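I have placed the structure first, in the form of C-alpha cells, so that the comments after it can refer back to it.
What follows draws every value from the coordinates through simple rules; no lab data is involved. Note that the structure is a prediction, hence the values are computed from the model and not measured. A quick note on method: Cβ atoms are made from the backbone with ideal geometry, for glycine too, and the neighbour counts reach across all protein chains shown.
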Ligand code: ADE
C-alpha cells in the first residue's frame, strides 16, 4: 500500500511513522508513506496557503489553489482509491473502516488546519472524510498518524503473528479479553488458574466469556 499525505506540518508525522510496527511495515516493503509539504504549492513567495474566510469571522481557511495543485500533481503519477480529508465532521473511524481501507492500494490523505479547507476541495476532490473522534485537534496530522497506524497494521504480513489482529478489540465486535504474563503470582495477585491449565479449549472459552463480559459492561452498544 502507498499512502501520500499532504500537510503543512510533516514533522508531526515523521516520528509516529518511523518506529515500531509502522517502521517494520515500511522496511518490509508492505507500506510506503510519502509526506508532501503543502507550501511547495503556495500561492506566493511568502508561502501563503490560507486566507480569511468569506462572510467574516475568526480563523483562516486553507485555500483552493495550493490544495488543488498538490492533489493534481500527485494524481499525475497514480490513481487514488480514496482521497481522504481528516476532519472532526467526517465519518467516525472504526475497525470496519480500517479493515476496508487496508485492502486499498493507493490512498491520499489531506490534513487540514485553522478553520479547515475550502469547501470546494471537499466537493471536487475528496472521496471520504474521516474523524478519529468527537473532539477537535489543532490539525489533521495526528489524526492522519492514527489512521496510517490503524490501517497499516492490518495490511497482510505487517504483524508478525498473522493471527494477532484477529483477536484485537473490535475485530469481532467484542472488546479484547484481559491478558497476563509472568509471574503467575505478583504480591499475591494471581493469574486466573485456567490460563495456567494448559487446556487450550478451556482457555479459548474463558477468553470468549471474558470478552463478552467486558463488552457488556463497558460497551453494550457494540453488542446490538
Ligand atoms: N482534525 C481536527 N480534529 C480532528 C478529528 N477529531 N479527527 C480528524 N481530523 C481532525
**Theoretical ellipticity at 222 nm over the chain - DSSP helices of four or more residues, -39500 (n - 2.57) apiece, nearest 500** = -10000 deg cm²/dmol
**Complete:** For the chain, longest principal axis from Cα atoms; helix 64-75 axis from its Cα atoms; angle between them, nearest 10 degrees, is 60 degrees
**Request:** Note down the nm distance, to one decimal, between modelled labels 7 Å out along Cα→Cβ at residue 128 and at residue 185.
**Result:** 5.1 nm
**Complete:** Note: residue 53 to residue 196 extended length (0.36 nm per residue) minus current alpha-carbon separation gives 45.2 nm
**Prompt:** What is the mean projected area of the alpha carbon convex hull for region 97-224, to one decimal in square nanometres?
**Reply:** 11.7 nm²
**Message:** Over 17 Å apart: what share of the alpha carbon pairs of region 169-223 falls there, rounded to a whole percent?
**Reply:** 44 percent
**Message:** Taking a virtual spin label 7 Å from the Cα of residue 76 along the C-beta vector, which residues in region 26-61 bring their backbone nitrogen under 19 Å of it?
**Reply:** 34-44
**Asked** Where does helix 200-218 land angle-wise versus the long Cα axis of the chain, in degrees 0 to 90, nearest 10?
**Response** 50 degrees
**Item:** Bins of 10 Å, starting at 0 and running to the largest distance - Cα pair percent for region 69-163
**Value:** 15, 47, 31, 6, 1
**Message:** Cut-off 18 Å, label point 7 angstrom out along Cα-to-Cβ of residue 208: give me the residues of region 185-199 whose amide nitrogen falls inside.
**Reply:** 194-195, 198-199
**Fill in**
In whole µm²/s, the translational diffusion coefficient that Stokes-Einstein assigns to the chain, given a Kirkwood hydrodynamic radius over C-alpha pairs, 37 °C and 0.692 mPa s, equals 165 µm²/s
**Message:** Could you work out how much longer the chain between residue 91 and residue 34 gets when fully extended? Use 0.36 nm per residue separation minus the Cα distance between them, nm to one decimal.
**Reply:** 18.1 nm
**Fill in**
Length gained, residue 100-residue 2, 0.36 nm per residue minus C-alpha separation, equals 33.8 nm
**Request:** Run through the DSSP bridge list for the chain and note the antiparallel percent, rounded to the nearest 5.
**Result:** 20 percent
